[in-house]
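Have a look at the structure below before the remarks.
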Amino acid sequence: MPSTPHELEPPPDPAAHGDPGSGGPRFRVLGIAAGVVLASVLLVSLIARSSGSQAPRPPDPPDSHPALTPVPTPAAAPPVVRDADTLRAGRSLGQVLAAAGLGGDGYAQVLTAIRAHVNPRKLPRGLVVRMAARVPETTDRVALALDQDRTLVLDHRREGWRARIDSVSVSIDTLYVGGVIESNLWTSELFGDTARLAPNENVEIFLKLARIYAWQVDFFRDIRPGDAFRVMVRREVRPDGSVRRADVLAAEFLNQGRRLPAVRFVTADGPEEYYDENGNATRKAFLRAPLKFSPITSGFSRRRYHPILHRWRAHRGIDYGAARGTNVHATGAGVVTRAGWWDGYGRMIEIRHNSLYRTRYAHLSGLARGIHPGVRVQQNQVIGYVGMTGLATAPHLHYEFLVNGVQRDPRRVKLPPGKPVPQSQLASFERRRDRRLERLDGLGFPPAAHLAAAPGDTDRGREPSE
Ligand SMILES: [Zn+2]
């Protein structure tokens with residue numbers, strides 16, 4: 001594959017096997033009053049860090065939101081933390097500041113400064129207020145921890161109180177992680193940069209994979225032991241090691257001998273999208289299944305014995321076994337044409353997707369709020385809940401897929417491919433695709449992964465994009 005030196009990919013990660021915060025900013029922790037408890041040391045670093053110099057940041061990658069830029073601060077002697085307090089019922093900002101010696105005029109000035117950034121009446125309970133001083137017995141800095149990423153810092157200067165927002169500087173790194181499946185995605189054996197994963201980040205990666213491949217892989221039915229995946233994840237990591245944002249830039253899924261690459265690309269006019277090797281969106285007009293992780297209990301057939309009617313008849317749909325109340329998702333975008341009771345279907349929904357396709361969802365225990373005929377629904381939207389209304393012996397979803405008004409097997413019908421990358425951006429996509437898949441390839445699969453197409457799976461192997 002050709003290399004593309006001009007592309008602004010994240011650089012090879014210097015901290016690849018080290019501390020996730022090692023590429024980030026360094027804080028200068030300066031004066032600490034004698035007798036300050038350990039907790040205060042953390043407070044000092046939080047408040048004093050805006051006085052420290054910021055480490056240079058890596059260039060912004062081309063297809064992400066720009067990372068927050070640290071606010072430059074005039075050099076000054078860092079204040080010493082005096083006190084910290086928490087807003088709660090019966091403990092207002094006014095009371096906290098009054099206790100710190102900021103009453104009357106001082107408080108009014110602080111409020112005015114705060115209003116430039118946030119509404120002081122809407123500060124949440126639990127918000128931590130830290131007070132610090134350069135001169136003993138005064139308070140000339142107040143810091144409000146608005147959230148994990150932003151602190152509102154108020155400084156007393158000669159001309160009065162000034163407020164500014166300090167944003168945590170994140171370091172950007174790239175993770176290469178893979179997994180081999182023994183029984184299901186959620187218990188995959190991980191390999192690669194696993195030591196750098198934040199707590200529960202593996203679950204985040206599984207969820208992202210399930211979303212990226214929702215159109216190609218039914219994660220209940222299509223998964224086999226030995227299936228494997230690998231992902232390239234670009235992350236924004238806070239100094240404390242927590243992850244502010246993580247994007248899967250590229251992924252590869254080995255499913256029953258099928259190799260399914262997916263590369264993230266943001267077109268000029270659209271949100272992020274994943275594309276296969278040929279530049280076709282992995283997102284299709286229809287999801288593989290209306291339930292996320294449920295087994296098929298009865299497939300599509302022309303003849304079967306009906307347990308209630310006690311006679312042979314065709315089953316012109318697919319049954320998914322699931323607990324009552326399980327979310328049912330619209331497999332495609334469209335307009336609701338039926339929503340309510342319809343004979344043996346029980347409580348059901350029918351969606352018209354276009355002049356060709358309709359889908360039906362039957363035996364529901366209930367409809368999602370706002371679902372009624374005429375309403376437009378999005379693909380993947382929750383439209384109802386699994387039940388056993390109508391002709392049903394146990395809770396399950398009966399799903400029908402109609403082409404030109406005739407029920408067809410949704411698992412066999414040939415569907416149109418996803419949208420392609422626009423021709424004008426194809427070269428840019430291909431550069432990214434080549435570079436990322438090449439890097440992903442650097443993370444080899446362990447022997448437990450089944451790389452070759454399994455015999456007898458030729459029908460799947462032939463249709464990698466369906
Ligand atoms: Zn059925």
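Observations
- The listed residue being touching a Ser or Thr at 6+ places or on another chain (Cβ under 9 Å), away from the ligand (no atom under 16 Å from the Cβ) and modelled with pLDDT of 90 or more, out of Arg288, Arg245: Arg245
- Counting only residues that are part of a strand (DSSP E or B) and within 13 Å of the ligand (Cβ to nearest atom), the range 388-426 holds 7 of them.
- Hits in the range 137-193 - residues which are over 24 Å from the mean Cα position of the chain (by Cα) and either among the polar types (S, T, N, Q) or part of a loop (DSSP other than H, G, I, E, B) (or both): Glu137, Thr138, Thr139, Asp140, Thr151, Arg158, Glu159, Glu182
- From the list Arg211, Arg244, Arg221, the lone residue that is surrounded by fewer than 18 Cβ atoms within 10 Å (Cβ to Cβ) and in a strand (DSSP E or B) is Arg244.
Here is a yes/no grid of residues against (1) of a type in the set (S, T, N, Q); (2) in contact (Cβ under 8 Å) with a residue 24 or more places away in the chain; (3) assigned by TED's automatic domain parsing to the domain that holds Gly178; (4) not in a strand (DSSP E or B):
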{"residue": "Asp240", "(1), (2), (3), (4)": "no, yes, yes, yes"}
{"residue": "Leu249", "(1), (2), (3), (4)": "no, yes, yes, no"}
{"residue": "Glu252", "(1), (2), (3), (4)": "no, yes, yes, no"}
{"residue": "Leu260", "(1), (2), (3), (4)": "no, yes, yes, no"}
{"residue": "Phe265", "(1), (2), (3), (4)": "no, yes, yes, no"}
{"residue": "Asp269", "(1), (2), (3), (4)": "no, no, yes, yes"}
{"residue": "Tyr274", "(1), (2), (3), (4)": "no, yes, yes, no"}
{"residue": "Glu277", "(1), (2), (3), (4)": "no, yes, yes, yes"}
{"residue": "Pro290", "(1), (2), (3), (4)": "no, yes, no, yes"}
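- The listed residue being away from the ligand (no atom under 16 Å from the Cβ), in a strand (DSSP E or B), under 29 Å from the mean Cα position of the chain (by Cα) and not small (Gly, Ala, Ser), out of Val328, Val336: Val336
- Considering residues of the range 224-241 that are acidic (Asp, Glu) and touching a strand residue (DSSP E or B) at 6+ places or on another chain (Cβ under 8 Å) only, the residue surrounded by the fewest Cβ atoms within 10 Å (Cβ to Cβ): Glu236
- Positions within the range 121-139 being at pLDDT 85 or above and touching a strand residue (DSSP E or B) at 6+ places or on another chain (Cβ under 9 Å), in sequence order: Leu123, Arg125, Gly126, Leu127, Val128, Val129, Arg130, Met131, Ala132
- Restricting attention to the range 352-382, the residues being hydroxyl-bearing (Ser, Thr, Tyr) and modelled with pLDDT of 95 or more number 3.
- Residue satisfying condition, being surrounded by 14 or more Cβ atoms within 10 Å (Cβ to Cβ), within 16 Å of the ligand (Cβ to nearest atom), hydrophobic (A, V, I, L, M, F, W, C) and modelled with pLDDT under 95, within set Ile308, Ile349, Ile318: Ile318
- Residue list for the range 352-370, restricted to those being among the basic types (Lys, Arg) and away from the ligand (no atom under 15 Å from the Cβ): Arg352, Arg358, Arg369
The values are calculated or read from the model by the stated rules, or taken from the named source; none is laboratory data. The shown structure was predicted, so the numbers you read here are calculated from the model rather than taken from an experiment. Here Cβ is always computed from backbone atoms with ideal geometry, including for glycine, and neighbour counts include all displayed protein chains.
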